[in-house]
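The values are calculated or read from the model by the stated rules, or taken from the named source; none is laboratory data. No experiment lies behind these values; they were computed from the predicted model shown. Positions of Cβ are backbone-derived with ideal geometry, glycine not excepted, and every protein chain shown enters the neighbour counts. What goes into the accessible areas is simple: the full protein's heavy atoms, side chains included, and nothing from ligands, DNA or RNA. Shrake-Rupley method; radii C 1.70, N 1.55, O 1.52, S 1.80 Å.
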Amino acid sequence: MKTSWKYTLLAIVGMFVFGFRSDTEAVRKPWIMHPINNQYLIANSLNPGDVNGDGFDDYSVIDEHEGFQTIVFHPGVAQVRKEWPRVMLGKTGNPEYSCLGDLDGDGSKDFVVVEGDDLERGYKTGVRFFWSPGKAKVTDGAAWKNAGIVPGTEGKQFLYAECHDLNGDGGTDVLIGGRRHSVTNEYCGLFWLECPQDKAARRNLSQWKIRYIDPKALDGHGFVLADVDQDGDRDIVDANADWDTPEFEEELYWYENPGEKSPALRQPWKQHSIWKNTAFYAKPQVGVGDVNGDGLTDLCTQTQNFVHVFLKKPGKPVAWEHLPIKKPDLVQWIGRPIKFHDVNQDGKLDIVGMLIHNDGRLPADKASVFWMEYTGGKPTADNWTYHAIKMADGYNSYHQWIGEKWDHCLFSDVDRDGDMDIVGNVEEHYHFNAGKPQSFFSVVWFENPLK
């Protein structure tokens with residue numbers, strides 16, 4: 001079959017643009033990126049939930065720069081490639097993350113925001129609840145009720161939260177992590193707020209009880225729940241590296257759930273080390289899934305030069321086989337989000353990763369969003385192919401806190417075409433236009449072309 005000179009020319013140009021790469025460093029055409037809502041300067045947090053009951057995932061998002069708590073609503077398939085509407089619930093001090101869950105048991109999803117202490121502006125901060133007005137009124141921001149701060153959570157540096165029923169009583173608890181406060185040196189730790197069993201007491205914030213999993217946890221940005229020891233309950237996996245974590249204490253570990261019915265559930269959980277290394281960058285995330293299909297829980301995380309897969313070994317105690325997968329130039333950069341997911345629907349889990357800027361810089365020849373697949377029957381350290389989902393735009397702010405910085409990565413069939421798309425948010429990717437800050441893009445979805 002003849003090859004068109006046009007395709008030959010494109011191939012030559014592609015080799016100069018992306019470099020001469022082996023099969024394990026392949027580049028595919030980036031996916032189409034659609035805006036969800038680009039009105040955020042620092043779009044921090046991305047948590048899914050069907051808030052209005054229409055069958056589509058909506059998302060809680062906060063704007064850390066402006067202090068806004070918001071929800072963006074899926075507009076329906078016909079409008080999904082246009083910017084989605086958002087509702088603003090309120091404005092508070094230094095919000096760091098938000099999540100959705102039915103906290104009072106009335107059938108509607110409420111809103112949780114965790115805030116870092118705002119000493120400069122004098123805001124009283126903590127873990128704050130907003131009560132839903134009911135599904136029919138959720139698009140009216142004024143109808144949401146700011147319930148205030150849960151007592152005992154004031155003045156700490158929170159980073160992340162998830163809503164889960166940890167004790168199996170049917171109520172929605174809130175799992176929260178953070179870091180040591182830079183001024184007071186007080187630990188946030190890793191803890192959960194236990195929901196009152198009595199539904200009538202749930203809107204009384206003083207009835208929510210603080211239960212510490214680790215009061216001295218160094219970082220709680222990227223924890224995930226997973227049944228690591230496969231005893232039927234959800235354990236917690238976390239990586240503790242943060243800006244102030246001593247280098248030789250950077251570690252990936254898991255906390256063992258003592259069981260829903262055990263009194264020890266409300267005491268600090270036993271911590272188990274998985275891997276210690278000085279190569280972590282601040283606030284790493286962890287992916288969970290059965291990547292080799294043996295029925296066991298595997299993990300992945302990333303450092304600047306490697307994607308690290310930890311295959312769980314059979315038997316007890318819990319042990320791991322470490323696969324350090326070297327990154328090619330295409331993605332060799334500092335990163336944060338990482339997940340297992342079957343991107344191409346071939347029945348095997350792939351890996352999706354995202355990069356972040358380094359002091360304002362993320363070069364245009366890096367795939368800031370990428371996916372990896374392995375060939376053969378099982379994953380090894382050297383049988384992975386990398387593909388670009390999005391190339392970095394190359395913007396360099398020359399500023400430590402401004403640049404393309406991907407924060408979270410979720411999967412949803414956004415356009416209802418039968419494959420799973422990617423939903424992501426990027427923090428602090430803005431520039432100044434006539435002296436005013438303006439976002440490049442903030443909350444987006446990537447349309448999966450691989451079905």
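Side notes on the structure shown:
- Trypsin sites (Lys or Arg not before Pro) restricted to the range 218-268 and DSSP loop, no more than 13 other C-beta within 10 Å: K261
- Positive-end residue of I274, S262, V286, charge dipole of the range 238-303 with Cβ unit charges: S262
- Between D290 and E260, the FRET efficiency from the beta-carbon distance, with R0 = 30 Å, is close to 0.85.
- 5 angstrom amide H check on G335, placed H, neighbours 5+ away: I356
- More than 29 angstrom apart: percent of Cα pairs within the range 66-223: 18 percent
- Along its three principal directions, the equivalent ellipsoid of the range 165-279 from the Cα gyration tensor extends over semi-axes of 26, 18, 10 Å, largest first.
- Within the chain, the longest segment free of exposed loop sites, counting GluC sites (Glu not before Pro) that fall outside DSSP classes H, G, I, E and B and have at most 14 other Cβ atoms within 10 Å, spans 261-451.
- Computed over neighbours whose Cβ is under 11 Å from that of T245, the net charge equals -4, Lys and Arg +1, Asp and Glu -1.
- Close amide-amide hydrogen proximity is noted between I402 and G360, each under 5 Å apart and 5 or more residues distant or on a separate chain (H modeled in the peptide plane; Pro and chain starts excluded).
- Under the convention that each Lys and Arg Cβ holds +1 and each Asp and Glu Cβ holds -1, the size of the dipole of the chain around its Cα centre is about 700 debye.
- Accessible carbon and sulfur surface of the chain relative to its total accessible area, %, 1.4 Å: 51 percent
- Computed over protein heavy atoms with a 1.4 Å probe, the accessible surface of the chain works out to 41 Å² per residue.
- Stokes-Einstein diffusion of the range 36-90 at 4 °C, 1.567 mPa s viscosity, Kirkwood radius from Cα pairs, rounded to a whole number: 114 µm²/s.
- Annotation note: chymotrypsin sites (Phe, Trp or Tyr not before Pro) in the range 203-295 located in DSSP loop regions with a Cβ neighbour count of at most 15 within 10 Å are W243.
- Cross-link pairs beyond the 23 Å C-alpha cut-off, checked among K156/K216; K91/K216; K209/K312; K145/K209: K91/K216; K209/K312
- For K390, the lysines whose Cα falls under 21 Å of its own Cα, not counting residues fewer than eight places away in the same chain, are K29, K82, K326, K327, K339, K366, K405, K451.
- Dipole magnitude for the range 315-428: about 480 debye, using +1 per Lys or Arg Cβ and -1 per Asp or Glu Cβ, origin at the Cα centre.
- Per-residue 3J(HN,Hα) values for the range 75-85, derived from phi via the Karplus relation 6.51 cos²θ - 1.76 cosθ + 1.60 with θ = phi - 60°, read x, x, 4, 5, 10, 5, 8, 9, 5, 7, x Hz in sequence order (x marks Gly and Pro).
- Potential lengthening between N433 and Y398 on full extension [0.36 nm per residue; Cα-Cα distance subtracted]: 11.0 nm
- A simple charge model with +1 on the Cβ of Lys and Arg, -1 on the Cβ of Asp and Glu and nothing else charged puts the dipole of the range 252-370 at about 480 debye relative to its Cα centre.
- With the simple spin-label model, which puts each label point 7 Å out from Cα in the Cβ direction, the Q267 to H164 separation comes to 2.1 nm.
- Degrees separating the helix 5-18 axis from the principal Cα axis of the chain, which is the longest one: 50 degrees
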